[in-house]
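Reviewing the structure listed below.
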Amino acid sequence: MTTSQEELLPATRRALVHRISVAQAEGRAPSLVAAVVRGGRAVWHGSRTSVDGHGPDENVQYRIGSITKTFTAVLVLRLRDEGLLDLGDPLEKHLPGTGAGEATIAQLLAHSSGLAAESPAPWWERTSGALRPELADVLGEQPFLHPTGRRFHYSNPGYTVLGALVEKLRKAPWEDVLSGEVLEPLGLSRTTTRPQAPHAGGWAVHPWADVMLPEPAEDLGRMAPAGQLWSTTADLARFAAFLAHGDERVLSAETLREMRTPAASHETADVASGYAYGLGLETRHQDGRTLVGHTGSLPGFLACLTLSVDDDVAAVVLANCTSGPLPFTVAADLVRIVAEAEPRIPEPWRPMPAVDPAVLELAGPWYWGTHAFALRLIADGMVVLEPLSGNGRGSRFRPNGDGTWTGLEGYYAGERLKTVRRPDGTVDHLDLGSFVFTRQPYDEGAAVPGGVDPEGWRGFGAV
């Protein structure tokens, strides 16, 4: 039996409409649009507006602010994957003379470079980018507020610098590189650096009265890679599907997993709130699930794109007001509504097409000292080594093609797992970063560092 997950149930759709209706009404947003993605495609679009009879649809542009940073990060990771840079490279190696050259590319991506949060006055979001024609105008006389690599400190100038890095290595304007390498391959035809009709106007809503004031829509110039883009819920739904599954024309699923992995040290308040930042993507923990994406704001606009990889559900929320509904809270609720009302149906179990007998021999229980572990074979030649107690260090391991594996998560990320055999070819133990895993606790027949007492295991009263 096959089950279609393409269409949402009527009750689910009504719950989604109710949630955005409450958000628009209580947040006093002139308009709010939203979309839900499941299984790699948009399954719902909705909108609420203060204008009777004119609801914006999924093709109306809104400004998306700092979601632009994720697009810029994708361009930088493409350069890394092509071997044109290393994330550990200092900026000075590729873009000399900025005054921020000691920061590494990874630190800039993860907001741990130590750079200031904003550019020098005047307020860059409400003034023309022509006032900041050079990187020096964006970074100011004292770019750093903190030592590089010490802490997370969100930096808009940091992403301006990354945009300049893209331009330097590609020898083309940032927006042209973005269009050719990301927007066109993914079919994001309504994502642009300047508004194209139909688009929403940005508004400030008075905090103590139901009246509005139009906000300016400035061209950010040099700051564009940090927040310039306009987009639609239809385009961002496609982008969300890309962030979840990858697209070999742009970035692999493996690189996107790397982008989602927290990469900066956070303050206690951030950790307590479940917030972390990877390489151009925010991670938050909400309602028992991990949500990855980015929020955005500029005067007149609020935006959020967030996805639950485990549920394969994403949501996009856009509003045209300076303050009002909290876009992440609304988007997280949309994900929760769908994930809980219509849980993901797992793929049918299928046996592996083939298995190497030498690897199958390794499956089953292993012991690190007296700690019990199990090794399982999973898809794509990978193995999982995890503690049987449920507590402790575990990881998936990717095959290296030479009979060894490399850890992908946690304590064992990057560590090598290998099989150590006796002269007769039988397995003696597993070596994981020098730790020895044996078939029995402190197996006296295996090469256990420090040896095993020849009298073996004994009771408490034994002499």
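A short reminder: the numbers here are calculations on the coordinates, not readings from a lab. Source: prediction; values computed, not measured. Positions of Cβ are backbone-derived with ideal geometry, glycine not excepted, and every protein chain shown enters the neighbour counts.
For segment 124-194, the normalised intensity computed at q = 0.12, 0.14 Å⁻¹ comes to -0.45, -0.60 (log10 of I(q)/I(0), Debye sum over alpha carbons, equal scatterers, no solvent).
Both radii are taken from the alpha-carbon atoms of segment 265-349; with Rh as the Kirkwood radius, Rg/Rh is 1.02. Packing, taken as the mean count of other beta carbons within 10 Å per residue, orders the peptides 387-396, 27-36 from highest to lowest as 27-36, 387-396. Just to confirm a number: summing +1 for Lys and Arg and -1 for Asp and Glu over residues other than Arg13 whose beta-carbon lies under 12 angstrom from that of Arg13, what do you get? Result for the local shell: 0.
You can think of it this way: the chain between Asp424 and Tyr411 has 1.4 nm of extra reach, that is 0.36 nm per residue less the Cα-Cα gap. So what does log10 I(q)/I(0) come out to for segment 150-238 at q = 0.11, 0.18, 0.24 Å⁻¹, using the Debye formula with one equal point on every Cα and no solvent? Per q value, in the given order, log10 I(q)/I(0) is -0.43, -0.95, -1.22. Taking N as the number of residues in the chain, what is its Cα Rg relative to 2.2 N^0.38 Å? Ratio of Rg to 2.2 N^0.38 Å for the chain: 1.14. Computed packing ranks the peptides 405-412, 7-14 as 405-412, 7-14, most packed first, by mean other Cβ atoms within 10 Å. Considering only Ala241, Leu109, Ser252, and ranking their Cα positions along the charge dipole of the chain that arises from unit charges at the beta-carbon of Lys, Arg, Asp and Glu, the one farthest toward the positive end is Ala241. Which log10 I(q)/I(0) values, to two decimals, does segment 53-94 give at q = 0.16, 0.21 Å⁻¹ under the Debye formula with one point per Cα? The calculated log intensity ratios at q = 0.16, 0.21 Å⁻¹ are -0.59, -0.77.
Ordered from longest to shortest, the equivalent ellipsoid semi-axes for segment 1-117 are 41, 21, 12 Å, each the square root of 5 times a Cα gyration tensor eigenvalue. In segment 198-250, the ratio of gyration radius to Kirkwood radius, Rg to Rh, stands at 1.13 when only Cα atoms are counted.
When peptides 132-141, 316-325 are ranked by their average number of other Cβ atoms within 10 Å per residue, the highest-first order is 316-325, 132-141. Size of segment 357-437: Rg and Dmax of its alpha carbons, in Å, are 11.8, 35.
Extension gain for the segment Glu26 to Arg257, taken as residue separation times 0.36 nm less the Cα-Cα distance, is 79.6 nm to one decimal.
Report the full-extension gain for the segment Glu248 to Val384: residue separation times 0.36 nm, less the Cα-Cα distance, to one decimal in nm.
Values: separation 136, 0.36 × 136 = 48.96 nm, distance 2.56 nm.
Roughly 46.4 nm would be gained on extension.
Can you classify segment 297-391 as rounded, prolate or oblate using the Cα gyration tensor, where a ≥ b ≥ c are the square roots of its eigenvalues, rounded means a/c under 1.5, and otherwise it's prolate if a/b beats b/c and oblate if not? Verdict is prolate for segment 297-391. Measuring r between the beta carbons of Glu444 and Asn400 and using R0 = 35 Å, the FRET efficiency lands at 0.70.
Per-residue ellipticity at 222 nm, computed for the chain from helices alone with -39500 (n - 2.57) per DSSP H run of at least four residues, works out to -7000 deg cm²/dmol. Simple spin-label estimate for Ala354 and His285 gives 4.2 nm between the two label positions (7 Å along the Cα-to-Cβ direction from each Cα). Equivalent-ellipsoid semi-axes (√(5λ), Cα gyration tensor) for segment 70-195, whole Å, largest first? Taking √(5λ) for each eigenvalue gives 23, 19, 13 Å, largest first. The alpha carbon centroids of segment 108-128 and segment 49-72 are separated by 24 Å. Enumerate the lysines that Lys171 could reach by cross-link, defined here as Cα to Cα under 24 Å, with residues fewer than 8 away along the same chain left out. By straight Cα distance, Lys171 reaches Lys69, Lys93.
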